[in-house]
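Beneath this line is the structure, given in structure tokens, with notes to follow.
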Amino acid sequence: MKVLTLNFLTCAVKSCKSSSDSFPLHPKDAELASDDVEVNPELLVNLLPRLDWKALKTTSTELGFPQLPDSPPTIDELQSDDKLLKDLHSLLMETNLMEGKLVCGVCGHEYAVREGIPNFLLPSHLV
Amino acid sequence: MSRPEDTLQADVHYDDVEARKYTTSSRIQNIQASMTRRALELLDVKTPSLILDVGCGSGLSGEILSDIPPEEGGPHVWIGMDISPSMLDVALQRDVEGDLFLADIGQGVPFRAGTFDAAISISAIQWLCNAESSETSPQQRLARFFGGLYQSLKRGGRAVCQFYPKNDVQKQMITSAAVKAGFGAGLLEDDPETKNVKVYLVLTAGQSAVANTKSGDITGVVENMEGVDVVDNRKQAKSGKGEIKKGSKQWIIKKKEQMERKGKVVKATSKYTGRKRRIAF
């Protein structure tokens with residue numbers, strides 16, 4: 001799953017819904033893979049306001065990437081700076097979490113990730 | 001022919017053999033493709049968007065989303081959820097571009113508020129009308145699903161779910177669950193009354209901040225489409241009886257007539273009936 005998805009994914013456990021710490025999920029024992037995806041500038045511009053930059057910083061540091069700047073780029077910066085666009089694209093769309101676990105900061109539930117697919121099936125007492 | 005959801009649960013029915021059959025059948029591929037395109041028409045996404053594919057299966061509809069050309073508003077990035085590991089396995093083999101999740105939609109939609117521009121579902125949500133264990137009911141599953149979907153869509157976002165209702169009861173159950181979750185909901189039926197009827201549940205999640213839609217109402221979705229007849233069965237806000245305001249002279253006269261018909265003694269109506277008295281104290 002792409003790093004982009006990690007920026008939107010929360011814990012599925014019912015009691016975690018009210019807490020803001022259930023987002024983002026923390027990757028553990030992560031194995032990454034790189035994909036080749038065509039750059040889609042319109043999509044990144046569309047998504048930019050919706051990205052949670054603080055969470056993205058947390059996730060990217062946890063995955064072992066160099067720290068991102070504190071504030072997100074503006075839409076103009078993104079549209080004018082080609083390298084910035086490529087870097088953001090490479091992080092969000094081309095970096096994939098293939099194996100590992102996603103841990104919730106609140107309840108501690110671990111979601112296993114295998115072959116890029118996370119298992120979000122919950123036992124009924126947690127729903 | 002019996003319906004698959006009457007015999008087995010979704011993840012058990014779609015095992016490896018069934019998953020392979022489903023995906024390699026050209027007939028199914030064609031039907032799914034045409035339904036996906038119809039759903040996209042109803043979604044009307046004009047720019048590349050983040051789309052949720054509910055019950056994505058082996059990625060048949062997802063592939064179409066990824067292949068929409070720029071002149072038609074694509075290509076889109078999608079995230080798919082499905083309960084069957086075998087179907088997701090086939091999706092992996094077909095190397096789909098979307099992210100896949102092994103999840104039960106009846107347990108909710110685990111994304112933060114306002115994540116998706118739109119949501120699409122092809123032939124999936126009728127599976128929610130069956131609850132396999134005694135721990136949960138169809139109503140609960142439907143409520144969890146639509147509640148989760150509502151909050152994970154951006155304001156003004158649309159969802160189109162093509163499904164196969166077993167009967168009118170199921171149609172009602174699904175539509176009312178969607179309305180209860182806060183959606184504006186409408187059902188579109190292609191080829192109604194025929195064997196090939198296709199039912200699409202069209203949902204809007206609130207109003208978008210930019211008020212560019214002429215009609216915030218659900219009927220605005222099919223405004224520009226040809227060949228669609230709108231049947232509006234919603235209760236009108238004003239009931240027939242509400243025409244006469246309670247306490248007014250007309251209401252008093254109506255009540256007097258009612259009592260007279262019953263046989264009671266009623267004073268004659270005059271210019272003094274229901275006149276505003278001068279309050280002495």
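Annotations for the structure displayed:
- Viscosity 0.890 mPa s, 25 °C: Kirkwood-radius Stokes-Einstein D of the stretch A:58-127 over Cα pairs, µm²/s: 166
- Accessible-area composition of the protein assembly as shown, carbon plus sulfur, in percent [1.4 Å probe]: 50
- Over the protein assembly as shown: Rg over Rh, Cα atoms, Kirkwood Rh: 1.11
- Dimensionless Rg over Rh [the stretch A:5-47; C-alpha; Kirkwood]: 1.10
- Compactness index (Cα Rg / 2.2 N^0.38 Å), chain A: 1.10
- Shape category assigned to the stretch B:1-129 from the gyration tensor of Cα positions, a/c cut at 1.5: prolate
- Alpha carbon convex hull of the stretch B:7-50, projected area averaged over orientations, nm²: 4.7
- Stokes-Einstein D (µm²/s) once Rh is taken as the Kirkwood radius of the stretch B:75-177 over alpha-carbon pairs, at 25 °C in 0.890 mPa s: 168
- Kirkwood estimate for chain B, i.e. one over the average of 1/r between Cα atoms, Å: 21.6
- Heavy-atom accessible surface that B and A bury in contact, both chains counted, 1.4 Å, Å² to 100: 2600
- FRET efficiency, A:SER20 to B:ASP95 (Cβ-Cβ, R0 56 Å, nearest 0.05): 0.95
- The amide H of A:GLY105, built 1.01 Å from its N in the peptide plane, has A:HIS26 as neighbours under 5 Å, considering only residues 5 or more places off or on other chains.
- Per-pair calculated FRET efficiency, R0 = 45 Å: B:VAL179 and B:SER270 via Cβ, rounded to 0.05: 0.35
- Here B:LYS271 is the anchor, and the lysines within straight C-alpha reach of less than 18 Å, apart from those fewer than 8 places off in the same chain, are B:LYS249, B:LYS254, B:LYS255, B:LYS256.
The values are calculated or read from the model by the stated rules, or taken from the named source; none is laboratory data. These numbers come from a predicted model, not from an experiment. Here the Cβ is made from the backbone with ideal geometry for all residues, glycine too, and neighbour counts use every protein chain on show. In case anyone asks, the SASA skips ligands and DNA or RNA and just uses the protein heavy atoms, side chains included. Shrake-Rupley method; radii C 1.70, N 1.55, O 1.52, S 1.80 Å.
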